[in-house]
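In what follows, a single structure is set out as structure tokens and then discussed.
The values are calculated or read from the model by the stated rules, or taken from the named source; none is laboratory data. Everything numeric in this text was worked out from a predicted model, so none of it was measured. FYI the Cβ positions are ideal-geometry reconstructions off the backbone, even for glycines, and counts take in every protein chain you see. Areas reflect the complete protein model, heavy atoms only, side chains present, ligands, DNA and RNA absent. Shrake-Rupley method; radii C 1.70, N 1.55, O 1.52, S 1.80 Å.
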Amino acid sequence: MAFLLDGKPLPVDRPFSYKDINYPRNWLRLSTPEEKAAINITEVADPKKYNETYYTGSGTAKPLAEVKLVLLAEDKETAYQLLSIHDWQVIRKAEKGTALSSKVVTFRDSVRATCLTRETEINNAKTIAELETLMNGTWVDGKRTAGITVWPENPDLS
């Protein structure tokens with residue numbers, strides 16, 4: 001919960017002064033509702049927090065094209081990181097002719113395909129709400145039932 005003193009936000013766990021009286025930082029937690037009301041403190045619900053990826057602090061949707069650009073850039077970085085895990089093997093193949101394992105080849109192909117699929121899914125979203133649902137997925141009984149394509153797992157090479 002949040003508190004207002006004379007209609008202005010009053011932070012919890014901070015000392016404050018009111019009408020020449022200093023109150024300690026724990027006063028809001030320890031005082032009764034009657035004590036708060038006596039000095040004109042009201043309790044209100046916490047303001048709704050919006051996901052900053054998709055909305056401004058006031059809840060206004062950000063421009064769809066701008067959000068898509070950010071998400072697509074993040075996906076490119078994820079693909080780069082996933083591919084870089086096995087880059088040393090690709091370099092070894094180029095330098096020494098040592099074959100890549102089929103697991104590595106399959107994984108790297110899957111990363112590239114997943115990146116393209118995710119790009120299409122992001123670009124197909126028509127609204128911020130649709131994009132947010134896509135990225136967060138849909139969950140039923142703790143299981144993901146829908147959402148953006150999931151990145152492949154790095155293969156066990158042992």
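Here residue 87 meets the list (1) among the charged types (D, E, K, R); (2) within 30 Å of residue 9 (Cβ to Cβ); (3) out of contact with any Lys or Arg (no Cβ under 9 Å at 6 or more places or on another chain) almost entirely, failing just condition (2). When segment 54-74 is limited to residues that are modelled with pLDDT of 95 or more and of a type in the set (A, V, I, L, M, F, W, C), the one that is most open to solvent (accessible area, probe 1.4 Å) turns out to be 69. The residue of segment 75-125 that is surrounded by the fewest Cβ atoms within 10 Å (Cβ to Cβ), among those that are assigned to a loop (DSSP other than H, G, I, E, B) and of a type outside the set (A, V, I, L, M, F, W, C), is 97. Taken together, the criteria exclude residue 19 from residues that are within 30 Å of residue 132 (Cα to Cα) and at pLDDT 90 or above. Of the residues making up segment 39-84, those that are of a type in the set (Lys, Arg) and either touching a residue at least 40 places away in the same chain (Cβ under 8 Å) or within 22 Å of residue 123 (Cα to Cα) (or both) number 3. If you go through segment 67-95 and keep only what is of a type outside the set (D, E, K, R) and more than 30 Å from residue 130 (Cβ to Cβ), you end up with 84, 85, 86, 88, 89, 90, 91, 94.
Among the residues of segment 143-156, which ones are over 20 Å from residue 80 (Cβ atoms) and open to solvent by 70 Å² or more (accessible area, probe 1.4 Å)?
143, 144, 145, 156
Being closer than 12 Å to residue 12 by Cβ and in a loop (DSSP other than H, G, I, E, B) is the filter; apply it to segment 25-49 and report the residue that is modelled with the lowest pLDDT. Among those residues, the one meeting the criterion is 46. A count restricted to segment 1-48 and to residues that are open to solvent by 100 Å² or more (accessible area, probe 1.4 Å) and over 35 Å from the mean Cα position of the chain (by Cα) stands at 4.
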